[in-house]
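Structure record follows, encoded as structure tokens.
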Amino acid sequence: MSFLHDLLDLIVPETCAGCGRGGTALCGTCAVPLTLDPRPAPLPVRPPGVRCWTVADYAGNVRKVINAHKEQGRTTLTRPLAAALTRALKASLPPPAVPAQPTPPPSDRELPPLRPGQIPPRDTPPTTPTEGLIRKPSKTSGQGTRSRRVVTGELTGSNLIHVIPVPSARRAVRRRGDDPLLNVARTAVRTLTNEGLPLVLTTALRQTRPVADQAALSRTERVANVKGALTAAHPLDGARVIVVDDIVTTGATLTEAVCTLHRAGAHVLAAATIAATTRTT
Ligand SMILES: [Zn+2]
């Protein structure tokens, strides 16, 4: 389906998913709310011990943009939505997990400054970008059944943080042929790992049953609707986790996700979303 949408994007002139203006998938005006500074989302249903960071208000044109990406397969919106989630994710990281700059090796730090025209010594190690932080999981890592888990990379250190998306409703994924939130989360994590941050996308949550559309439900009904609707695909003993979703409304789904991950042994650090509604009922 996404291929068809991509094809249509080429044939049919694009219009802004927010305001309908022609010539662009997202005009500058409608993009502004997605570039705001991240902030904690006020949640009537609070996940235990977890703060949720978000960027935009889920209202007006932002709501149209997110729904066009999710429901209409407007894949050209993945990048700007991922940029917003990237900033929310970055804000949600604990301070020790954010290395300001790669630390140069001691031999570099101890070298005296070169005089003009001086040739550096031959044994000076070359300065290379931080590419070694993420590595592919080894086939011989000997983790038994856990080696089947869907992990796109693995950190060599102990400060790895798993970014775990809340799964989209099964029916929506089947209808569209892909998972829009997963695509946004994948792009956001790739951006941050390219900056050297110790993140890995881990699809550890599964839906156990269909849930009703949360939009028409009250806060109490939402909690009941998602209760027990998620399960962890594998144990997460001691794993440090940030949960991501596209939007957060009451916090009921996020709370269910956090509690499910806690039961699987994870240490959930925070949550991050693109947008949050101000609805409190
Ligand atoms: Zn617009």
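A short reminder: the numbers here are calculations on the coordinates, not readings from a lab. These numbers come from a predicted model, not from an experiment. Note that we place each Cβ from the backbone using ideal geometry, even for glycine, and neighbour counts take in every protein chain shown.
What to note about this one:
- Global geometry of the range 177-281, whether rounded, prolate or oblate, following the gyration tensor of its Cα atoms and the 1.5 cut on a/c: prolate
- The residues His267, His234, His162, when put in order of fewest to most other Cβ atoms within 10 Å, stand as His267, His234, His162.
- The local environment of Cys27, defined by Cβ-Cβ distances under 14 Å, has a net charge of +2 under the rule Lys, Arg +1 and Asp, Glu -1.
- For Thr54, nonlocal amide neighbours, meaning residues 5 or more places apart or on other chains whose placed amide H falls under 5 Å from its own, are Arg39, Ala41, Thr273.
- Computed lengthening from Ser218 to Thr35, 0.36 nm per intervening residue step minus Cα-Cα distance: 62.9 nm
- Sparse packing (at most 12 other Cβ atoms within 10 Å of the Cβ) combined with a DSSP loop state is found for the following trypsin sites (Lys or Arg not before Pro) in the range 181-281: Arg279.
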